[in-house]
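Working notes for the structure below.
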Amino acid sequence: MASQKIPVARPRIGERERELVEDCLRSGWISSLGRYIGEFEERFADFCGVGHGVAVMNGTAALHLALLALGVGPGDEVLVPSLTFVATANAVTYTGARPVFVDSEPATGNLDVSDLERRITPASRAVIAAHLYGHPADMVAIGELVQRRGLALIEDAAEAHGAQILGEAGWRRVGSWGEAACFSFYGNKILTTGEGGMLVTDREDIARRARSLRDHGMSPDRVYWHPEIGYNYRMTNLQAAIGLGQLERVEEILAGKREVARLYQEGLAGIAGLRLPRELSWARSVFWMYSPLVGEEYPLDRDGLRRALEERGIDTRPFFHPLHTLPPYRREVELPVCQDLSRRGLNLPSGPDISPGEISRVCQALRDLGGRP
Ligand SMILES: *Cc1c(COP(=O)(O)O)cnc(C)c1O
């Protein structure tokens, strides 16, 4: 039986997004003025439990603006996980500061707090904590450390819209644990606007400065007056319209992601050599990607398994390369945990649109390929 190829992710665009985009087209508000931008900023900031949202053209721009708004620049060091998408480090480099790479903790791949502390120097200014593949980083421990050492803290929440962390005051979503948090709305993220991003923060000064910098550094009360050099990082009304439509369904999207994870957890249980993703007791992951590790006991290594799945019409992604091994960032450091995770980690098809039938096809393939003769 010929079956459809299963992609690693495809966005689900609803009727509501279509309606709102139609309205932009009809009214002519297709550029970066228009009422949906402010509305999207307000509602998304609300969703994150913070006071301000600054919508931008992508998540990388949000990171860049967060760093600039905190005054990070040449001569500074910013501690970042090595196991993350390259944008986390690139945004640091754009400011003239230097990214310093930190190892992962083994359970989730997120920042290892003791390695983080070891790598702090007198030049350290800030930490960017990413929530890898939807599982939040340990923001309570990281927050305590940055406070003690006088550093700024930014969340890279590009992969974790709606993930939650248990703090002293109960469960709280990602986006409110540092000075600022950055989200991406790229096509395969939890919420999408095609391309897009947002900086959210409780600090009015950061929001104000980010708003100005995204618009060529223009003064908020004097048109065409530019006291400094900024960027054109604006989001369009069209993107915001899509975002608003998505945000109306966010609870349904998040419940869908957890259901995908549950079906995988069930379908993959007991396969020797596959270590399934965990959810730590203080965390609620959004399982942006469902990402098992391929261990020694499995008959194929990660790349062999990817090829075999590809032959069966199943699309996957390998984990990111540790950033300290990429040509522009090559460093003479050993970060053994993230290097190991990077070699063994596999992202299975986890989009919002995947059906239970497709998930069981993936599970069956992993079971068959893992079977011993
Ligand atoms: C997607 C992503 C980004 C960048 O977002 P863009 O919208 O693609 O610029 C940044 N950090 C992480 C961890 C990401 O996954």
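Just need log10 I(q)/I(0) for segment 249-333 at q = 0.11 Å⁻¹, Debye formula, equal scatterers on the alpha-carbon atoms, no solvent, rounded to two decimals. Those come out to -0.43, one per q.
If Rh is defined by the Kirkwood formula over all Cα pairs and Rg also comes from Cα, what ratio Rg/Rh do you get for segment 149-274? Don't skip to the end; give the middle numbers.
Values: Rg = 18.6 Å, Rh = 17.2 Å.
A ratio of 1.08.
Would you mind checking the tilt of helix 59-69 against the longest principal axis of the Cα atoms of the chain, expressed as 0 to 90 degrees and rounded to 10? Relative to the chain, helix 59-69 is tipped by roughly 40 degrees.
Averaging the Cα positions of each part gives two centres, and for segment 176-242 and segment 343-373 these lie 37 Å apart. The string of couplings for segment 245-260 from the Karplus curve (6.51, -1.76, 1.60, θ = phi - 60°) is x, 5, 5, 4, 9, 4, 5, 5, 4, 5, 5, x, 5, 5, 5, 4 Hz, one whole number per residue in order, with x for Gly and Pro. The charge dipole of segment 1-81, taken about the Cα centre with unit charges on the Cβ atoms of Lys, Arg (+1) and Asp, Glu (-1), comes to about 420 debye, rounded to the nearest 20.
What's the local net charge at Ala87, with K and R +1, D and E -1, over the other residues with C-beta under 13 Å away? Once all neighbours under 13 Å are counted, the net charge is -2. The value obtained for segment 232-373, namely the Cα convex hull volume divided by the number of residues, is 183 Å³ per residue.
Segment 6-34 and segment 311-342 have their alpha-carbon centroids 34 Å apart. Annotation for segment 64-126 versus segment 271-306: alpha-carbon center distance of 26 Å. Taking DSSP loops as anything outside H, G, I, E and B, show the longest stretch in the chain free of GluC sites (Glu not before Pro) there with at most 15 other beta carbons within 10 Å. By the stated rule (loop sites, at most 15 other Cβ atoms within 10 Å), 1-167. For the chain, the Stokes-Einstein estimate of translational diffusion at 25 °C and a viscosity of 0.890 mPa s comes to 115 µm²/s, using the Kirkwood hydrodynamic radius over alpha-carbon pairs.
Dimensions of segment 1-55 based on its C-alpha atoms, expressed as ranges along the principal axes with the largest first, amount to 52, 33, 16 Å. Spin-label pair Arg172-Asp301: with each label point 7 Å from Cα along the Cα-Cβ axis, the two points sit 4.4 nm from one another. Taking the protein heavy atoms of the chain in the context of the full set of protein chains, the accessible area attributed to carbon and sulfur is 52 percent at 1.4 Å.
Indicate, rounded to the nearest 5 percent, the antiparallel portion of the DSSP beta bridges found entirely in segment 158-240. It would help to have the intermediate numbers written out before the result.
Numbers: 9 of 10 bridges.
Taking every DSSP beta bridge with both residues in segment 158-240, the antiparallel ones total about 90 percent.
Projecting the Cα atoms of Leu300, Ala207, Gly187 onto the charge dipole of the chain (Cβ charges, centred on the Cα centre) puts Leu300 farthest toward the positive pole. Remark: segment 1-156 is approximated by an ellipsoid whose semi-axes, taken from the C-alpha gyration tensor as √(5λ), come to 34, 22, 15 Å, largest first. Using only Cα atoms and rounding to the nearest 10 degrees, what angle (0 to 90) does helix 139-149 make with the longest principal axis of the chain? Taking the Cα atoms of the chain, the angle to 139-149 is about 50 degrees. Convex hull volume of the C-alpha atoms in segment 226-296, normalised per residue: 199 Å³. Rolling a 1.4 Å probe across the protein heavy atoms gives segment 158-260 an accessible surface of 44 Å² per residue. Charged side chains reduced to their Cβ positions (Lys and Arg at +1, Asp and Glu at -1) give the chain a dipole of some 460 debye around its Cα centre.
Rolling a 1.4 Å probe over the protein chains gives Met57 an accessible area of about 70 Å². The long axis of helix 204-213 is offset from the longest Cα principal axis of the chain by roughly 90 degrees.
The values are calculated or read from the model by the stated rules, or taken from the named source; none is laboratory data. Note that the structure is a prediction, hence the values are computed from the model and not measured. Counting neighbours? That spans all protein chains shown, and the Cβs are built from the backbone with ideal geometry, glycine included. Areas reflect the complete protein model, heavy atoms only, side chains present, ligands, DNA and RNA absent. Shrake-Rupley method; radii C 1.70, N 1.55, O 1.52, S 1.80 Å.
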